[in-house]
Amino acid sequence: MRSGEPYAVGDKVLVIDSKDRRYLVTLRDGGEFHTHAGLIPHSLFVGQPEGTTLRATSGARYLTLRPTLSEFVLSMPRGAQVVYPKDLGPLLMLADVHGGVRILEAGVGSGALSMAMLQAGASVTGYEIRADFAATALRNVHSFLGAEVDYRIEERDVYEGIDGAIFDGHGLDRVVLDLPEPWRVVKPAETALHPGGIFVSYLPTIGQVAQLHEALEESAFGLAKTIEVLQRSWHVAGQSVRPDHRMVAHTGFLTSARLLVPDS
Ligand code: SAH
């Protein structure tokens, strides 16, 4: 993404209408953005700075901006359910993701979590059992972050183990999971991670969380903890300042643990 530059052919642009409906557009030579309120030729975007309001043939106004990662995740093509931005930020902190950190991620799904970790500078190997999801994730990641990211997906079942030679034998710093039975990955993660390494799992239900904690307790992992993240947006308009009436009450629980050296 070329922040600060005017729009050019090939750029992704988020187009927002007066009702806050959002459309993701990739600018093409001769392309047109069609809406119920007429159309906007892509040539009208090209050369404009971000933040420009464009008018469709009907006169309706559309705000245009390059999408942030959060905005892209919510508008990109999805195979599997994505981890929402509300949880992506905290996941980056729990897994302490930074430049050069080597991560095994499973399953990869649509690639939203991969993108957040790659944008923070990580090297990511993903295990995904579904070839179609793996293909969608690769397309999403490369279309938003470019082809230079350090990312690969292997079509395999993480319950069958983590390849000991992962990252060419340079060792594994993190295991980050978004799949139904993460307790089955505790033993493989114990073997693959170095001491101090971090295990993080995203789970939708608390029964799964309890089962994961049981497995962690019987392992060399310690400091296991679980959080959930509640985000409440506010309506702010003049003197009317109050929480919005609706909120997303639940997405998932985030569990993390560190691999320790057994105290004999
Ligand atoms: N975190 C992803 C969404 C993951 S959805 C995102 O933000 O986009 C869960 C994924 O786990 C699905 O794609 C499913 O196919 C995959 N999966 C389930 N069990 C698996 C296993 N044992 N090994 C590898 N992938 C698995």
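Would you work out if the range 216-264 is rounded, prolate or oblate? Take a ≥ b ≥ c from the square roots of the eigenvalues of the alpha-carbon gyration tensor; rounded if a/c is under 1.5, else prolate when a/b is larger than b/c, oblate otherwise. Here the range 216-264 falls in the prolate category. Computed over protein heavy atoms with a 1.4 Å probe, the carbon and sulfur contribution to the accessible area of the range 12-67 reaches 51%.
Charges were assigned to the Cβ only: +1 to each Lys and Arg, -1 to each Asp and Glu. The resulting dipole of the range 162-205 about its Cα centre is roughly 120 debye. Along the range 8-25 the Karplus relation, 6.51 cos²θ - 1.76 cosθ + 1.60 evaluated at θ = phi - 60°, assigns HN-Hα couplings of 9, 4, x, 5, 9, 10, 8, 10, 10, 8, 5, 9, 6, 6, 10, 10, 9, 10 Hz to successive residues, with x for each Gly and Pro. Computing Rg and the Kirkwood Rh from the Cα coordinates of the range 12-67 gives a ratio, Rg/Rh, of 0.90.
Note on the chain: with charges restricted to the Cβ of Lys and Arg (+1) and Asp and Glu (-1), its dipole about the Cα centre is near 1220 debye. Our coupling estimate for the range 76-85, obtained by passing each phi through the Karplus curve with A = 6.51, B = -1.76, C = 1.60 and θ = phi - 60°, is 6, x, 10, x, 9, 4, 9, 6, 7, x Hz, Gly and Pro reported as x. Taken along its three principal axes, the alpha carbon spread of the chain comes to 74, 47, 29 Å, from the longest extent down to the shortest.
In this simple spin-label model, placing a label point 7 Å from the Cα along the Cα-to-Cβ direction at both GLU181 and ALA135 gives a separation of 2.7 nm.
Using 0.36 nm per residue and subtracting the Cα-Cα separation, the extra length available between ARG28 and ALA8 on full extension is 6.3 nm. With each label modelled as a point 7 angstrom along the Cα→C-beta vector, the HIS142-LEU39 pair spans 2.9 nm. Across the options PHE221, PRO85, PHE45, the greatest Cα extent toward the positive end of the charge dipole of the chain (unit charges at beta carbon of Lys, Arg, Asp, Glu) belongs to PHE45.
Dipole magnitude for the range 12-67: about 140 debye, using +1 per Lys or Arg Cβ and -1 per Asp or Glu Cβ, origin at the Cα centre. Over all other residues within a Cβ to Cβ distance under 12 Å of LEU203, the charged ones net out to -4, with Lys and Arg as +1 and Asp and Glu as -1.
Remark: the TYR84-HIS194 segment gains 36.7 nm on full extension, using 0.36 nm per residue and subtracting the alpha carbon distance.
Just need log10 I(q)/I(0) for the range 1-126 at q = 0.10, 0.20 Å⁻¹, Debye formula, equal scatterers on the alpha-carbon atoms, no solvent, rounded to two decimals. With one equal scatterer per Cα and no solvent, log10 I(q)/I(0) is -0.39, -1.07. Tally Lys/Arg at +1 and Asp/Glu at -1 over every other residue whose Cβ is under 14 Å from the Cβ of ARG21; what's the total? Every neighbour counted, the sum reads 0. Note on the range 71-259: dipole from Cβ charges, positive end direction compared against LEU118, ALA135, ALA237; the farthest Cα belongs to ALA237.
Multiplying the residue separation of TYR159 and ASP20 by 0.36 nm and removing their Cα-Cα distance gives an extension gain of 45.9 nm.
The values are calculated or read from the model by the stated rules, or taken from the named source; none is laboratory data. In this text the structure is predicted, and so the values were computed from the model without any measurement. Reconstructed Cβ throughout: ideal geometry from the backbone, glycine too, with neighbour counts over all protein chains shown. For accessibility, only protein heavy atoms count, side chains too; no ligands or nucleic acids. Shrake-Rupley method; radii C 1.70, N 1.55, O 1.52, S 1.80 Å.
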